[in-house]
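K.L.:
What follows is a single structure, and I will ask about it in a moment.
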Amino acid sequence: MKNFSFVLFVLFLLCPVCVTLGKTLPDQFNNKDVRGWIILSDDMNAAIQTIKAAKEYDINQLQLSHEIIHDLREIKTEKVCAQVNELVNLAHSEEINEVLLWDHSLYDIDYYPERFRTGPGGTIDLDNTEFWEWLKDDYRQMLDRVSEADGLVLTFIETGAYAERQFSKKMKSSEEKLAAVVNAISDVLIGERKKKLYIRTFAYSEEEYKGTTGCIEYLKYDEVILMMKETPHDFFLTHPDNYYIQKMDRPVIVEFDLGNEYSGQGVVANTWPEHVMKRWNSYIHCPNVTGYVARTDRYGNTSIVTLLMLSNCTP
């Protein structure tokens, strides 16, 4: 009985967190196009349980990230490829319509053939059209290995090779260089494959957000959707709401962290569901906000969705 009481205590705290962004919300909270979860851990048992629980919470988007796949290039490894395809197929069988893979581009500079690194200091010459054709073909080959995935979530800022640090005479600004990377990937993903592309936009200062906004102005495809964190910096409880979200003239989904990357993680996953609800209430009425996505774990066997399934037990 003592153990069961403890389970009830944990569930009392966990359940509001898990369903805060789920099926028990009022209708105005559920009428958004995207209701998503992000799985970070490569613990397959936890990932499978999370996916199988998604239908109960009306989840229609799943993102696979971090330890499952952080960069799309990891799909070239057979183990990663098999694991990703297994989870993608399972999610589709559980009626999750949109399954996305995380990516970060540009990758480390050494990933790209030396023949393209002819700029000052061994930088990539972005004016070389052959480089862009090579990049697109690389994406075609990688996407062929995960053909059932519905798209990518692309981080294009603060990545390995920093596109804005590469060489170009034609592109005069960092914003143009960043947009060139997104546009090249979009040509393959949206233009050729008719799949979805979400780009993660975050920054740590007003000036950096101006750069992000400037980059968006150079994007070729209206279909590109933004994904922005609930806070303007990172997932700190003390940070304000991300007021930059409503400034974006493009559809946005809001990324929440229920795994508490910067808030401490213990036996009890979360004790502030009201805080999550308050954050979401700040964005729910923004006309450009089309949904949310929430991290459900923080590596290992930390899935709060897995723990929530204890609610099915009886005394």
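The values are calculated or read from the model by the stated rules, or taken from the named source; none is laboratory data. Note that this is a predicted model, so its numbers are computed, not measured. So basically every Cβ, Gly included, is an ideal-geometry build from the backbone, and we count neighbours across all protein chains shown. Areas reflect the complete protein model, heavy atoms only, side chains present, ligands, DNA and RNA absent. Shrake-Rupley method; radii C 1.70, N 1.55, O 1.52, S 1.80 Å.
K.L.:
Can you name every residue in the stretch 150-180 that is open to solvent by 30 Å² or more (accessible area, probe 1.4 Å) and of a type in the set (F, W, Y)?
P.N.:
Correct list: Y162, F167.
K.L.:
Of all residues being assigned to a loop (DSSP other than H, G, I, E, B) and open to solvent by 30 Å² or more (accessible area, probe 1.4 Å) in the stretch 94-112, which is nearest to K195 (Cα to Cα)? Just the residue, please.
P.N.:
Among those residues, the one meeting the criterion is N97.
K.L.:
Of the residues E78, E56, E74, E67, which single one is within 30 Å of R165 (Cα to Cα), open to solvent by 60 Å² or more (accessible area, probe 1.4 Å) and acidic (D, E)?
P.N.:
That would be E67, the only listed residue that is within 30 Å of R165 (Cα to Cα), open to solvent by 60 Å² or more (accessible area, probe 1.4 Å) and acidic (D, E).
Per-residue answers, yes or no, for (1) touching a helix residue (DSSP H, G or I) at 6+ places or on another chain (Cβ under 7 Å); (2) modelled with pLDDT under 95:
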| position | (1), (2) |
| --- | --- |
| D103 | yes, no |
| L106 | yes, no |
| D110 | no, no |
| F116 | yes, no |
| E133 | no, no |
| V153 | no, no |
| E164 | yes, yes |
| A184 | yes, no |
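K.L.:
If N183 meets every condition in (1) open to solvent by 60 Å² or more (accessible area, probe 1.4 Å); (2) of a type in the set (S, T, N, Q); (3) closer than 25 Å to L62 by Cα apart from one, which number is that one?
P.N.:
Failed condition: (1).
K.L.:
State which residue pairs qualify: first residue within 13 Å of T129 (Cα to Cα) and hydroxyl-bearing (S, T, Y) and inside the stretch 166-193, second residue at pLDDT 95 or above and open to solvent by less than 30 Å² (accessible area, probe 1.4 Å) in any location, beta carbons under 6 Å apart, and separation of 6 or more residues or different chains.
P.N.:
S168/L126
K.L.:
Can you pull out the residues in the stretch 215-234 that are open to solvent by 10 Å² or more (accessible area, probe 1.4 Å) and either basic (K, R) or modelled with pLDDT under 85 (or both)?
P.N.:
K220, K229, P232, H233, D234
K.L.:
Return the residues of the stretch 186-214 that are modelled with pLDDT of 85 or more and among the polar types (S, T, N, Q); say none if nothing qualifies.
P.N.:
Matches in the stretch 186-214: S186 only.
K.L.:
Residues that are under 22 Å from L197 (Cβ atoms) and among the acidic types (D, E): does the stretch 127-134 have at least one?
P.N.:
yes
K.L.:
Here is a follow-up. Hey, can you tell me all the residues within the stretch 195-213 that are open to solvent by 10 Å² or more (accessible area, probe 1.4 Å), in contact with a helix residue (DSSP H, G or I) (Cβ under 8 Å, 6 or more places away or on another chain) and not in a loop (DSSP other than H, G, I, E, B)?
P.N.:
K196, G211, T213
K.L.:
Could I ask something else about it? Provide a single number: the residues in the stretch 119-149 that are in contact (Cβ under 8 Å) with a residue 40 or more places away in the chain, open to solvent by 40 Å² or more (accessible area, probe 1.4 Å) and part of a loop (DSSP other than H, G, I, E, B).
P.N.:
2
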